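The values are calculated or read from the model by the stated rules, or taken from the named source; none is laboratory data. As the structure is a computational prediction, the values presented were derived from the model and not from experiment. In case anyone asks, the SASA skips ligands and DNA or RNA and just uses the protein heavy atoms, side chains included. Shrake-Rupley method; radii C 1.70, N 1.55, O 1.52, S 1.80 Å.
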Amino acid sequence: MDGNGRWATRRFLPRLAGHKKGLDALRRCVRLCMERGVAVLTVFAFSSENWGRPQDEVSGLMALMATALTREVPELAREGVRLHFVGERESLPAKVQTGLAQAEVATAANDRLVLNICFNYGGRWDMAQAAARVAAAGQALTEENINAAMALAHVPDPDLIIRTGGELRLSNFLLWQAAYAELLFSDRLWPDFDAADLDAAIAEFARRERRFGQTSAQVSAQAASE
Ligand code: FPP
């Protein structure tokens, strides 16, 4: 969800105003995904590296999360959204930690859309914590064991990763899980990402040929036999 800061700066507003608009865009995107039958939506809201931003922006993002938890969770729970927060929690303010845990409990029985919010998350953090858990359990460091210990083990690998804001990199997002994801880079700033952008992304995804290491001929033959 990149581009909140630029969205605000272009309007001579503080960066936090962009993050607030970003939250509106996230709410809109969740609803659109439910309408379109998307089963899992995973968003990057705060990275392991974002602690290095100016103190007022970091505390503003923490406060925005605390407010969002209070204001948004009852509605999300009613709509059938199951929330998971993915990332290192111990460094977060106590109020946020409690809110995350309560939101997960309040939505645990839902199954219309799984919404993973990556918060204080990094792809490298996830790989390291998974490897540490596998080693601590005395298991072999195999792909299967690491995969099962990842913080996102409860969902399949992503089909499509969309980065808004025009940058062409993953910035430590879903490094393990992105192995065969289709990547889509949009110039749209996240607060402006709307239904037309989501539909264009889904249409572009539908045009891609996913081969998972096989040849095009194999994929076509497999599709014909189904
Ligand atoms: C990246 O844009 C965005 C973030 C670091 C924060 C994302 C947060 C939200 C979308 C709001 C939802 C938040 C919560 C707490 C649920 P940027 O600030 O790097 O933008 P820039 O590249 O234009 O500066």
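Pick from Gln139, Gln214, Gln129: which is most flexible by mean-square fluctuation in a GNM of the chain where alpha carbon atoms under 10 Å apart are linked?
Among Gln139, Gln214, Gln129, the largest GNM mean-square fluctuation belongs to Gln214.
Which shape class, rounded, prolate or oblate, goes with segment 49-111 when its Cα gyration tensor gives a ≥ b ≥ c as root eigenvalues, a/c under 1.5 marks rounded, and past that a/b bigger than b/c marks prolate?
On the way: a/c = 2.54, a/b = 1.99, b/c = 1.28.
Verdict is prolate for segment 49-111.
What list of ³J(HN,Hα) couplings, whole Hz, do you get for segment 146-156 from phi and the Karplus terms 6.51, -1.76, 1.60, once you set θ to phi - 60° and write x for glycine and proline?
Couplings: 5, 4, 5, 9, 5, 5, 10, 5, 7, 10, x Hz.
What shape does segment 23-72 have by the C-alpha gyration tensor, where a ≥ b ≥ c are the square roots of the eigenvalues, rounded means a/c under 1.5, and otherwise prolate means a/b greater than b/c and oblate the rest? Intermediate values should be presented prior to the final figure.
Values: a/c = 3.34, a/b = 1.93, b/c = 1.73.
Cα axes put segment 23-72 in the prolate bin.
Check which residues have an amide H placed less than 5 Å from Val114's amide H, if you skip close sequence neighbours.
Val40, Leu41, Arg82
For the chain, calculate the relative contact order in percent as a whole number, restricting contacts to Cα pairs under 8 Å that are 6 or more residues apart. Could you put the intermediate results ahead of the total?
Numbers: 293 pairs, mean separation 53.4, N = 226.
RCO, the chain: 24 percent.
Report ³J(HN,Hα) in whole Hz for each residue of segment 178-192, in order, from the Karplus equation J = 6.51 cos²θ - 1.76 cosθ + 1.60 where θ = phi - 60°; Gly and Pro get x.
Computed from phi, the couplings for segment 178-192 are 7, 3, 10, 6, 7, 9, 9, 10, 10, 6, 4, 6, 3, x, 8 Hz.
With θ taken as phi - 60° and the coefficients 6.51, -1.76 and 1.60, list the Karplus ³J(HN,Hα) couplings across segment 164-171 in order, rounded to whole Hz; mark glycine and proline as x.
Ordered by residue, 3J(HN,Hα) equals 8, x, x, 7, 10, 7, 8, 6 Hz.
What are the residues whose amide H is under 5 Å from the amide H of Phe173, where those residues sit 5 or more places off or on another chain and H is modelled from the backbone?
Result for Phe173 returns Gly123.
For segment 1-156, which whole percent of the accessible surface, found with a 1.4 angstrom probe, sits on carbon and sulfur atoms? Display every interim value, and only then the final one.
Working: 4400 of 8040 Å².
Solvent-exposed carbon and sulfur of segment 1-156 make up 55 percent of the total.
Near the amide H of Phe85, under 5 Å away, which other amide H atoms are found, from residues 5 or more places off or on another chain, if H is placed in the peptide plane?
Ile117
For a test of the definition: using alpha carbon positions, the gyration tensor, and the 1.5 limit on a/c, classify segment 1-54 as rounded, prolate or oblate.
On the way: a/c = 3.73, a/b = 1.61, b/c = 2.31.
Note, shape of segment 1-54 comes out oblate.
To the nearest 10 square angstrom, how much accessible area does Arg6 have with a 1.4 angstrom probe?
Near enough 80 Å² of accessible area.
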